[in-house]
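Colleague: Dropping a structure here in structure tokens format, bear with me for questions.
The values are calculated or read from the model by the stated rules, or taken from the named source; none is laboratory data. Keep in mind that what you see is a predicted model, and the values were worked out from it rather than measured. Every residue, glycine as well, gets a Cβ built from its backbone with ideal geometry; the counts of neighbours run over all protein chains shown. With ligands, DNA and RNA removed, areas are computed over all heavy atoms of the protein, side chains included. Shrake-Rupley method; radii C 1.70, N 1.55, O 1.52, S 1.80 Å.
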Amino acid sequence: MNVTVFDTPEQVGKACALLFASQVMRKKNSVLGLATGSSPIGCYQQLIAWHREGWLDFSDCISYNLDEYVGLPIEHETSYHAFMQAELFSGINMKATYLPDGNAANMNAECRRYDRAIEKAGGIDIQLLGIGRNGHIGFNEPGEKFIYGTHVVNLTESTIDANKRFFESADQVPRQAVSLGIGGIMNAREVVLVAMGVDKAKAIADTVKGPITPMVQASILRTHPNAHILIDKAAASRL
Ligand code: GLP
């Protein structure tokens, strides 16, 4: 795992976009693993800008997102479907984009279907990740084990608290989500985790310097053969 510290959050976003753009340049039909949250926005804005300049083409690429809330209609403005449409998909020309269905009648079957679809597509070439304040990646919350496959998660109070800013109040934050598992993330051929701000400093220090433990789910990335951590100075302040 290599860790790169940048002066500003803008530089983190650009460096992340550079890794995604070079993947797409190397392989036109790349399978991109995408993420939501505020951390990827700078990267997405840069990818949109390069696409508008006319040289970055996603028309053979497909994407799979990490996660989605359970029971939130996809038209809801805070669903991850809506977020991805607004922040990235409306500005580029992806061939197809997929997220897990948080409204499926049988969520276990949906989880298995999502994992199989990624496998059939040849696996994820490059996976973008943010990190939760408690070290979660996707919605893999701290716990006793690393869960391999896509699964339904009960969100922790810390995550509900962090994500309430996108809703009118904390009671409107869904209590469950569906998330790619740690196996799904680790199977990506390249992983890029981005984090900015002092709120992420502890999670980053635990990830980079603490024990590899499911209590800090991102710490498993230290065993990935091709993982990058891109952070600004504030997120690096406890390293
Ligand atoms: C959510 C998402 C994660 C994301 C995290 C951090 O919980 N499920 O994928 O990494 O929030 O979000 P932010 O980048 O807004 O701090």
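Colleague: Cβ-Cβ under 7 Å, sequence separation 6+ or interchain: first residue in the stretch 20-34 and more than 18 Å from Lys120 (Cβ to Cβ) and in a loop (DSSP other than H, G, I, E, B), partner open to solvent by 10 Å² or more (accessible area, probe 1.4 Å) and not aromatic (Phe, Trp, Tyr). Which pairs?
Modeller: Lys28/Asp60
Colleague: When you scan the stretch 149-169, do you find a residue that is under 22 Å from Leu18 (Cα atoms) and modelled with pLDDT of 95 or more, even just one?
Modeller: For the stretch 149-169, residues under 22 Å from Leu18 (Cα atoms) and modelled with pLDDT of 95 or more: absent.
Colleague: List the residue pairs whose Cβ atoms are under 9 Å apart, where the first residue sits in the stretch 155-169 and is among the aromatic types (Phe, Trp, Tyr), the second is in a helix (DSSP H, G or I) and crowded, with 17+ Cβ neighbours inside 10 Å, and the two are 6 or more positions apart or on different chains.
Modeller: Taking only residues 6 or more apart or on different chains, the pairs are Phe166/Phe83.
Colleague: Okay, moving on. Looking at the stretch 124-156 only, could you name the residues that are in contact with an Asp or Glu (Cβ under 7 Å, 6 or more places away or on another chain), within 12 Å of the ligand (Cβ to nearest atom) and β-branched (Val, Ile, Thr)?
Modeller: Result: Val153, Thr156.
Colleague: Let me ask something additional. Can you name every one of the helices (runs of 4 or more DSSP H) wholly within the stretch 77-167 that holds 3 or more residues which are under 30 Å from Ala201 (Cβ atoms)?
Modeller: Of the helices (runs of 4 or more DSSP H) lying wholly inside the stretch 77-167, those with at least 3 residues that are under 30 Å from Ala201 (Cβ atoms) span 80-87, 157-163.
Table: residues versus (1) surrounded by 18 or more Cβ atoms within 10 Å (Cβ to Cβ); (2) under 20 Å from Gln127 (Cα atoms); (3) within 13 Å of the ligand (Cβ to nearest atom).
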site	(1), (2), (3)
Ser39	yes, yes, yes
Ser59	no, yes, no
Ser63	yes, yes, no
Pro73	no, no, no
His81	yes, yes, no
Ile92	yes, yes, no
Pro100	yes, yes, yes
Met107	yes, no, no
